[in-house]
Amino acid sequence: MEDGWARFVFAYLNPDVAAEWGPKIFEGAVITIELGLATIAAGLFFGMALAVLRASAPRWVGRVIVAFVDVFRAWPPLVVIIVLFYAFPYVDLPMGAFTATWLALSLVLAAFAEEIWWAGLQSVPKGQWEAARSTGLSHLQALVWVAVPQAVRMTIPPLVNRTIAIVKGTALGSVVALPEILGQATSASSLAGNPTPLTLAALAYLAIFLPVVILGRWIETRFAWKR
Amino acid sequence: MPLTGGVVRPLLELAGLRKSYGGLDVLKGVDLAVAPGELVFVIGPSGSGKSTLLRCCNRLEEPDGGTVIVDGENILASGVDLNRVRQKIGMVFQAFNLYPHMTALGNVTLALRKVQGMARAPAEAKARDALAAVGLADKQAAYPIQLSGGQQQRVAIARALALEPKIVLFDEPTSALDPELVGSVLAVMRELKAGGMTMVVVSHELAFARDAADRVVFMDGGRIVEQGPPAAIFGSPREARTRDFVAKLAERS
């Protein structure tokens, strides 16, 4: 029994291995954070742009957007990452692991965010539009100042959940050798012959995403408001 | 108060107004002229087309035929700047339709700033005046959810008035209110009338119609059946349909 515990500690909580490989995991954490922030920024920006475009452009534009959204909601993010990473050099677009992962996750997040926000825009009561238009606001002004702010607030819970789920996909970058947390941890584990770096990775993910989850909950309550 | 046909040019003039939804004719050629300062009260059974009539006046509904002339301008003409014209035509809705994410002040300033391009300070000063005029000077920082229905409707009236419209359309402004809150909204409307505002009111508030309206219009089946001074319409209607409807209304209230 005591023997088993000692072996477990040696394998997963090995202080020497942790001290040696900790800095690498930290480097990976920096990349994970950069990638996560860049994905949130681009994904939400393009998601909103697409939702606004769909709400104000001719119908055929809407159909194109729906096609894009459906395709990227259907593809597993890992498939998108791998395709971008391996296929783009053939069309003379060199793409690093970071760029490929960022672009793939951003496209997927944009697709989901568009769909969530579109649903939010659809649920803004018609009377809100009529009030805005009756005071002389243009369709675009009513969209930007009246409909979008309400849609954003209504959709915070699903959007926060979806954003967290997709941003956790930064770990998928390890498949195309992106030295983010998981990538660093797996190579460190094989070099050290000891899985303690994976423990560090798990702790690093907690350190990064647990605050995000808590922040998400705070945002949900902060912006929950009754009609 | 002049009815029509005087020397005064009508502020709102509808001629041959038609509207149908998928084969159902809701307005079958309505003619109506509203003089400056006049309060025209529109009554009629549900489905008679009275709300549609109102909503055609600022093209929230697109008429299928006829003309709508507001302040001398045919607002159905091609190339008309609808967003400019709509500032002349205030509208107050049954469900208030206040923006829930904005304070009372924000609700009133939005169009002043975004449509009329006013800077924040003068827009807010004007909005505060408009809120004071409806008795809500102390509620400018309140969100709609924090206000009673009557207060919300008065904010909505302030939102319309801040744009200095030539005419205000009221679409059942008190129908969604608890009875004890109706009075505050009607009081504001009375003041508005006293100040010379031109108003078209779709409502079932008979007592208000009796003492505040210049003219009552009875609609049924997409047409104006009868119109005249409140005393005539409520006291001695000529048409049987008007009589029936007025009797039913009186029973209810």
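The values are calculated or read from the model by the stated rules, or taken from the named source; none is laboratory data. Just so it is clear, the structure is predicted and the values come from calculations on it, not from any experiment. Please note: Cβ atoms are built from the backbone with ideal geometry, for glycine as well, and neighbour counts cover all protein chains shown.
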Look at region B:151-203 and say how many of its residues are within 14 Å of chain A (Cβ to nearest Cβ), closer than 26 Å to B:E73 by Cα and small (G, A, S). 4
Checked pairs for region B:203-221, first surrounded by 22 or more Cβ atoms within 10 Å (Cβ to Cβ), second among the basic types (K, R), C-beta under 7 Å and 6 or more apart or across chains, list as B:M219/B:K50
Exactly one condition in (1) within 9 Å of chain A (Cβ to nearest Cβ); (2) in a strand (DSSP E or B); (3) not charged (D, E, K, R) is false for B:V42; which is it? (1)
A:R133 being over 22 Å from the mean Cα position of the chain (by Cα) and surrounded by fewer than 18 Cβ atoms within 10 Å (Cβ to Cβ): no
So B:L14, is it assigned to a strand (DSSP E or B), more than 9 Å from every other protein chain (Cβ to nearest Cβ) and in contact (Cβ under 8 Å) with a residue 24 or more places away in the chain: yes
Quick check: is even one residue across region B:127-137 closer than 19 Å to A:W145 by Cα and either at pLDDT 95 or above or surrounded by fewer than 18 Cβ atoms within 10 Å (Cβ to Cβ) (or both)? yes
Tell me, please, whether a residue that is over 25 Å from B:D71 (Cβ atoms) and touching a residue at least 24 places away in the same chain (Cβ under 8 Å) can be found in region B:111-122. no
Suppose we filter region B:115-137 for residues that are more than 12 Å from chain A (Cβ to nearest Cβ), over 24 Å from B:E191 (Cα atoms) and outside any helix (DSSP H, G or I); how many remain? 2
Counted residues in region B:186-202 being over 19 Å from B:V216 (Cβ atoms) and buried (at least 19 other Cβ atoms within 10 Å of the Cβ) come to 1
Members of region B:141-150 that are out of contact with any Gly (no Cβ under 9 Å at 6 or more places or on another chain) and more than 14 Å from every other protein chain (Cβ to nearest Cβ): B:A141, B:S148
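Is it true that some residue in region A:97-120 is within 14 Å of chain B (Cβ to nearest Cβ) and at pLDDT 95 or above?
Of region A:97-120, the ones within 14 Å of chain B (Cβ to nearest Cβ) are A:120.
Okay, now just the ones that are also at pLDDT 95 or above, so A:120.
The answer is yes, given that some residue of region A:97-120 is within 14 Å of chain B (Cβ to nearest Cβ) and at pLDDT 95 or above.
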Just a yes or no: is a residue in region B:208-224 at pLDDT below 95 and more than 20 Å from the chain's Cα centre (by Cα)? yes
What's the number of the condition B:G37 fails, among (1) on the phi < 0 side of the Ramachandran plot; (2) surrounded by 16 or more Cβ atoms within 10 Å (Cβ to Cβ); (3) not in a strand (DSSP E or B)? (1)
In this structure, does B:N97 turn out to be crowded, with 23+ Cβ neighbours inside 10 Å and assigned to a helix (DSSP H, G or I)? no
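Output yes when any residue across region A:122-130 is hydroxyl-bearing (S, T, Y) and surrounded by 20 or more Cβ atoms within 10 Å (Cβ to Cβ), and no when none is.
Just the residues of region A:122-130 that are hydroxyl-bearing (S, T, Y), to begin with: A:123.
Next, from what is left, pick out any that are surrounded by 20 or more Cβ atoms within 10 Å (Cβ to Cβ): none.
Looking for residues that are hydroxyl-bearing (S, T, Y) and surrounded by 20 or more Cβ atoms within 10 Å (Cβ to Cβ), one finds none in region A:122-130, hence no.
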Looking at A:V212, A:V175, can you tell me which residue is away from chain B (no Cβ under 14 Å) and more than 29 Å from A:Y86 (Cα to Cα)? A:V212
One residue from A:A185, A:A202, A:A192 being crowded, with 21+ Cβ neighbours inside 10 Å and among the aliphatic types (A, V, I, L, M): A:A185
Any chance you could count how many residues in region A:1-48 are among the basic types (K, R) and in contact (Cβ under 8 Å) with a residue 40 or more places away in the chain? 1
Residue that is touching a helix residue (DSSP H, G or I) at 6+ places or on another chain (Cβ under 9 Å) and either more than 13 Å from chain A (Cβ to nearest Cβ) or closer than 29 Å to B:K248 by Cβ (or both), where the choices are B:L54, B:L60, B:L24: B:L60
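Quick grid of which residues meet (1) among the hydroxyl-bearing types (S, T, Y); (2) over 24 Å from the mean Cα position of the chain (by Cα); (3) over 20 Å from A:G173 (Cβ atoms):
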| site | (1), (2), (3) |
| --- | --- |
| A:R7 | no, yes, yes |
| A:W21 | no, yes, no |
| A:V30 | no, no, no |
| A:L37 | no, no, no |
| A:L50 | no, no, yes |
| A:R63 | no, yes, yes |
| A:F68 | no, no, yes |
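Among the listed residues B:L54, B:L112, B:L105, B:L60, identify the single one that is part of a loop (DSSP other than H, G, I, E, B), among the aliphatic types (A, V, I, L, M) and closer than 27 Å to A:A147 by Cβ. Break it down into steps so the answer makes sense when it comes.
Numbers: B:L54 fails: part of a loop (DSSP other than H, G, I, E, B); B:L112 fails: part of a loop (DSSP other than H, G, I, E, B); B:L105 fails: part of a loop (DSSP other than H, G, I, E, B).
Every option except B:L60 fails the conditions.
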Which condition from (1) surrounded by fewer than 15 Cβ atoms within 10 Å (Cβ to Cβ); (2) in contact (Cβ under 8 Å) with a residue 60 or more places away in the chain; (3) of a type in the set (V, I, T) is the one that A:V160 breaks? (1)
By residue number, the members of region B:63-111 that are within 19 Å of the chain's Cα centre (by Cα), within 14 Å of another protein chain (Cβ to nearest Cβ) and of a type in the set (D, E) are none
